[in-house]
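Structure first, then comments.
Every read-out reported here was derived from the displayed coordinates using simple, explicitly stated rules and does not represent laboratory data. None of these values were measured; they are calculated from a predicted model. As a convention, Cβ positions derive from the backbone with ideal geometry for all residues, glycine included, and neighbour counts pool all protein chains shown.
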Amino acid sequence: MPAAMGAAQPGHRAAADAGRIQLRGIAQVALSASPWTGLLFTAALFTNGWRIGLYGLLGAAASTVAASLLGADREGLVRGLEGYCGCLTAISVVVRLGASWRTALLAVLAGAVCAVLGAAAGRLLGRVGLPVLTAPFCLVAGVLQIALPTAPAAAAPAIDGDGITHLSALELGRAFCDNFGQIFFLDKWYAGLILLAGLLVASRAAAVAAACGSVVAIVTACATGLPADPISAGLYGYNAVLVAIALAATFLTVTPWTAGYAALAVISSVPFTAAWQAFARPSGGSPFTWPFVVTTWLFLAAAPALDRPGISLEKAK
C-alpha cells in the first residue's frame, strides 16, 4: 500500500502543478503570477455566468497546452505567460457568439493561435525591451470580430451638452467596479470587486495602482464629457486600470515620478479608448485591450529617453 501511494504522488503533484499553471495563466491577464489571484479571478468569471468561467478556463488551457506541445519556454509556461491571451480570446468568443460546441472548438483553435502569435511577438518585441502584453489576444479577437457575423452596430451614445458628465453616487460606484470587470468582459459590479481582491492577494502595490487608475479614469472620462452610460459600465476605464498596473506596479521602478508618469498614461488611455471605440463602431467592433497595449508600449519606450527611472528588464521579460 505505501508503495502504491508513493506511485500515486507524482501524478497528484503533476495535476497540482497543472492547476497552478492554469490559474497563473488567468492571473497574468493583470500581470500577476499568483495562483491565488488566478483562483479569485476564476471565481469572478463564474459569478458573471458559468459559460464565461468555463470558456475562460478552456481558452487558458488550450493556449497553454498548444505552447507546451510546440516547445515554448518552460519558465514562461510555469509562470502562466502562455495562458492569459487564450483566456481572454475564449471569453470574447462566448460573449460575442454564445456557447455551443462550435464556439468551444473555435475558442480552442483561437487559443492555439494565440500561443503562436505570442511566441512571434515575444521574439520581435524582446529586441526592443517591450513586453507582449495582450497583443496576441487583440489580434486574434479582432480578426474573429471582423470575420464572423454579429448584430448591427449600435448608434453612438449622446454626449452631455455642458462638456462635463455628471454621475450619481451609484453610477460612480458601478463605474469603479466595472472598470475592473470589463477587463474580462464582466458586467456585474461584484465581479469587479472580486478581481480587485485578487490583485490585493498578489500585490498591495498592484491593487492600489489599479484602484487609483480606476478613479483617475472616471474623473478623466467625466471631465472630457464622455457619455454617462459607457462610463458607468466601465467601457472607458478597463484599459486605464491595466495601464496603471503595468506602469505603476510592474515595469517601472516605484518612485513619485513614476506615479505621475503612470497617471499621465492612465489619463491618455481614456480618450484613446474612446477614439478606438468610435473607429471600431461602424463594424460593430471593440477596442479590446489595444489602448492598454499601445499606451503601455509608448510610455515604456519613452521612459529611458526622459532620464528618469526606466524599464526594469528583469520584470519585463
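Structure notes:
- Space enclosed by the convex hull of the alpha-carbon atoms of the range 216-317, per residue, Å³: 99
- For the chain, the longest principal axis of the C-alpha atoms and the axis of helix 35-47 are separated by about 60°.
- In this structure the amide hydrogen of L226, modeled in the peptide plane, comes within under 5 Å of the amide hydrogens of T165, none closer than 5 places in sequence on its chain.
- Computed from backbone phi, the HN-Hα couplings of the range 200-209 come to 5, 4, 7, 7, 5, 5, 5, 5, 5, 4 Hz, rounded to whole numbers (Karplus: 6.51 cos²θ - 1.76 cosθ + 1.60, θ = phi - 60°; Gly and Pro given as x).
- Take the Cα of R123, go 7 Å toward its beta carbon, and the backbone nitrogen atoms of the range 72-110 under 18 Å from that spot belong to 72-77, 82.
- Backbone geometry of the range 269-278 corresponds, through the Karplus equation with coefficients 6.51, -1.76 and 1.60 at θ = phi - 60°, to 3J(HN,Hα) couplings of 5, 5, x, 4, 5, 4, 5, 5, 5, 5 Hz, x marking Gly and Pro.
- Residues whose placed amide H lies under 5 Å from that of G284, excluding near-sequence neighbours: A153
- The alpha carbon convex hull volume per residue for the range 15-150 rounds to 102 Å³.
- The convex hull around the C-alpha trace of the chain, projected and averaged over every direction, spans 17.9 square nanometres.
- Residue-by-residue Karplus 3J(HN,Hα) for the range 189-198, coefficients 6.51, -1.76, 1.60, Hz, glycine and proline x: 4, 6, 5, x, 5, 5, 4, 5, 4, x
- Computed on the range 153-317, with alpha-carbon pairs under 8 angstrom and 6+ residues apart, the relative contact order is 25 percent.
- A simple spin-label model places the labels of A205 and A223 2.6 nm from each other, with each point 7 Å out along Cα-to-Cβ.
- Dipole magnitude of the chain, debye to nearest 20 (Cβ charges: Lys/Arg +1, Asp/Glu -1, about Cα centre): 680
- Between 0 and 90°, nearest 10: helix 84-97 axis offset from the chain longest Cα axis: 70
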